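To start, the structure under review is shown below, and the notes come after it.
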Amino acid sequence: FAGVSRQKEIYVMAANYLQRLDWRKDPEIMKNIITFYTKGKALDSLSGFYDACAQVEIDEYQNYEKALGALSEALKCMNKAKMQDVSTQEAKINFLKRRISLLKKFVHARRTYEDDAEEAMKQCLLLLDEADIETGIRSGDIYGFMIEHYASAGDYQKAYNLAQELKQRLPSASLSYYVNTSVLEAIHRAVGEVLVPEVTATPEEEIEEEIPENLDFRDFI
């Protein structure tokens, strides 16, 4: 009934309800959520939804390019929103800007990798020094990127050292979530260490739902 209603409240209620469904697996639901929030002029809620879309891309696929696109839409919406609490709106805008800034740096580092791998590694090290890195990027993804680079380059000791740093930084995380198991095994064999089987799973590994790999949030804008 929201599709033919012009009442803003009805559109917002419909969008809120649809978010309770499994929108991550159904692009049509996603499209309707965006449409209803837009027609209901609930730009702050639409911003929050785009933010959630970005997090799905990061948590499920480590696709920071698509996450960056979704966050950019979130920022556009928040800038246009007319929240009663101006200070809260400004805080959300600044938070989104910071997340976007961090994501841009990581995306740039990965793009730089094709032409200058060592420069990309330097950029990654700088990112790991950011105090609020987890605000936008999972540090494990940065370590995983670096570990696989050094392993492919034959610098197994460097790769091993980074793997140990990752374990110290994220003691409850599973290395195999961020680095392919076969790569980890090769690294440990090369340095004469035994790869201890891991039993601790990351929250993401425990999620049973699958999300379409070709999902592009920009298609629904």
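The values are calculated or read from the model by the stated rules, or taken from the named source; none is laboratory data. It should be emphasised that the depicted structure is a prediction, and the values quoted were computed from it without experimental measurement. Quick reminder, even Gly has a Cβ in these numbers, built from the backbone with ideal geometry, and neighbours come from all protein chains shown. Surface accessibility is based on the protein's heavy atoms, side chains included, excluding ligands, DNA and RNA. Shrake-Rupley method; radii C 1.70, N 1.55, O 1.52, S 1.80 Å.
Okay, here's what the table says:
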item	result
Count of region 54-63 residues which are in a helix (DSSP H, G or I) and touching a Gly at 6+ places or on another chain (Cβ under 9 Å)	3
Residues located in region 27-48, provided they are more than 21 Å from residue 76 (Cβ to Cβ) and either in contact with a Cys (Cβ under 9 Å, 6 or more places away or on another chain) or open to solvent by 60 Å² or more (accessible area, probe 1.4 Å) (or both)	28
Flag if residue 169 is of a type in the set (Lys, Arg) and either under 23 Å from the mean Cα position of the chain (by Cα) or within 24 Å of residue 60 (Cα to Cα) (or both)	yes
Flag for residue 164 being open to solvent by 10 Å² or more (accessible area, probe 1.4 Å), out of contact with any strand residue (DSSP E or B) (no Cβ under 9 Å at 6 or more places or on another chain) and farther than 30 Å from residue 52 by Cβ	yes
Residue among 129, 141, 85 that alone is more than 30 Å from residue 40 (Cβ to Cβ) and more than 17 Å from the chain's Cα centre (by Cα)	129
Residue count for region 107-143, restricted to those that are surrounded by fewer than 12 Cβ atoms within 10 Å (Cβ to Cβ) and closer than 20 Å to residue 51 by Cβ	1
Whichever residue in region 17-26 is open to solvent by less than 70 Å² (accessible area, probe 1.4 Å) and part of a helix (DSSP H, G or I) and, among such residues, is modelled with the lowest pLDDT	24
Selected residue (only one of 76, 66, 104 is closer than 28 Å to residue 140 by Cβ, open to solvent by 70 Å² or more (accessible area, probe 1.4 Å) and assigned to a helix (DSSP H, G or I))	104
Residue that is nearest to residue 45 (Cα to Cα), among those in region 88-97 that are open to solvent by 40 Å² or more (accessible area, probe 1.4 Å) and of a type outside the set (Val, Ile, Thr)	92
Cross-chain or 6+ apart pairs with Cβ under 8 Å, region 84-101 first and closer than 17 Å to residue 50 by Cα and part of a helix (DSSP H, G or I), then modelled with pLDDT of 95 or more and among the polar types (S, T, N, Q)	92/47; 93/79; 96/47; 100/72
